[in-house]
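Only one structure is covered here, and it is reproduced in the block below.
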Amino acid sequence: MSLEQFITAAWARNSRWLLLLVPLTWLFAGLSSLRRRYLQRRYQGQPYAAPVVIVGNISVGGSGKTPLIIALVSALKQRGYSPGVVSRGYSGNAAHYPLSVTAATAVSESGDEPLLIATLADCPVVIDANRSAAVDTLLKQHNCDLVLSDDGLQHYALHRDIELIVVDGQRGLGNGRQLPSGPLREKPRRLEQADLVVINGPQANQSLAVSGLQQMSIRPTQFRHLQSGRRLAIEDWLESEAGTNREVHAVAAIGNPQRFADTLSQIGLGPILHRFDDHRTLSLEDLVFADNLPVIVTAKDAIKLEQVADVSENIWALDIEAVIDSSFVDKLVVKLEALKTPS
């Protein structure tokens, strides 16, 4: 478990000992503020040949950035844009960078999220820890007129034209403190500086005081059999594959496994949740249980398992999609078009 995941689990349990870390939070906040000011002075104002839109967050753990990226690529294509995506490629280990990712790229090289985007969004994807190098390669090798950065809000060495911050509605901003006594990478007021703030799902515990919030939700679309590739609509799968008690093993190596379990509950299943660290590559042993219940994995985990032989026949992936309003896309397009007008 990484430090960020440990802190996330601790504040979720409302652990009082986190108060002891508040002095370290003050130090972290001060250093991160200095770092941001330095990097912005050095790199902001050096635009690329195409606008760069950051899709990031200020908290640790998953917030729904990847499905939102995929939905935005589709929506922007319909508006006449030719978007490409850059990413750090977390958990990937390529022989060289920048690396152009396609659906045929080995997940061990690309990492799970870039491969998922390249497969589902059908757009150019380039990964590099140096995101500026990734943008340069993307624009040089592909005919893109818009760059979406999957994460990278705190990568201030990357010039950005528009910032889009995603917040998990279920977890919100946690206790409102920065690392290590809370789950935030930056202070809550950072939301006010973004061009758009998107809430993933209903706000459970707190109402964010940010004007112009945009809403998104995650919708399950189908079940996909990993061994054969067979696809079934949700209703058809429930009728043909779910047992009488509808219990299933839900296995998730993502930022917020509980959201995955909640989605399965909402469609009428009784998930037995098995949590793993985000980005972990699940082994076949992680998916074997003493009973014969169906095993359901996330699409993000499935993209790694699809390149593994001998997957058990009772393993299914639940495919999802982000649902966004056309008004949200309209606001983004207005900001993109404004960049074309000299100030």
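Worth pointing out:
- Looking at GLY92, GLY80, just one residue is over 21 Å from the mean Cα position of the chain (by Cα) and free of Cβ contacts under 8 Å to residues at least 60 places away in the same chain, and that residue is GLY80.
- Cross-chain or 6+ apart pairs with Cβ under 8 Å, the stretch 120-140 first and over 18 Å from THR66 (Cα atoms) and assigned by TED's automatic domain parsing to the domain that holds PRO51, then aromatic (Phe, Trp, Tyr) and in a helix (DSSP H, G or I): SER132/TYR43
- Among residues of the stretch 14-33 that are modelled with pLDDT under 85, those with a beta-carbon under 6 Å from a residue that is surrounded by 15 or more Cβ atoms within 10 Å (Cβ to Cβ) and among the hydroxyl-bearing types (Ser, Thr, Tyr) at least six positions away or on a different chain give the pairs LEU18/SER181; LEU21/SER181; VAL22/SER181.
- Some residue of the stretch 151-163 being surrounded by fewer than 24 Cβ atoms within 10 Å (Cβ to Cβ), in the same structural domain as ALA50 (by TED's automatic domain parsing) and not in a loop (DSSP other than H, G, I, E, B): yes
- Filter pass, GLU337 being surrounded by fewer than 21 Cβ atoms within 10 Å (Cβ to Cβ), at pLDDT below 95, on the phi < 0 side of the Ramachandran plot and out of contact with any strand residue (DSSP E or B) (no Cβ under 6 Å at 6 or more places or on another chain): no
- Checking GLN193 against (1) of a type in the set (S, T, N, Q); (2) closer than 18 Å to LEU318 by Cα; (3) loosely packed, with under 15 Cβ neighbours inside 10 Å, the condition it does not meet: (2)
- ARG189 fulfils the conditions (1) touching a Phe, Trp or Tyr at 6+ places or on another chain (Cβ under 7 Å); (2) free of Cβ contacts under 8 Å to residues at least 40 places away in the same chain except for a single criterion, (1).
- Within the stretch 91-103, the set of residues being touching a helix residue (DSSP H, G or I) at 6+ places or on another chain (Cβ under 9 Å) and either surrounded by fewer than 23 Cβ atoms within 10 Å (Cβ to Cβ) or within 21 Å of CYS144 (Cα to Cα) (or both) comprises SER91, ASN93, ALA94, ALA95, TYR97, PRO98, LEU99, SER100, VAL101, THR102, ALA103.
- Number of the exception - SER327 against (1) touching a helix residue (DSSP H, G or I) at 6+ places or on another chain (Cβ under 9 Å); (2) at pLDDT 95 or above: (1)
This table checks each residue for (1) at pLDDT below 95; (2) surrounded by fewer than 18 Cβ atoms within 10 Å (Cβ to Cβ); (3) assigned to a loop (DSSP other than H, G, I, E, B).
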{"residue": "LEU72", "(1), (2), (3)": "no, no, no"}
{"residue": "GLY80", "(1), (2), (3)": "no, yes, yes"}
{"residue": "THR105", "(1), (2), (3)": "no, no, yes"}
{"residue": "ILE117", "(1), (2), (3)": "no, no, no"}
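The values are calculated or read from the model by the stated rules, or taken from the named source; none is laboratory data. What you see is a predicted model, and the numbers here were worked out from it, not measured in a lab. As a convention, Cβ positions derive from the backbone with ideal geometry for all residues, glycine included, and neighbour counts pool all protein chains shown.
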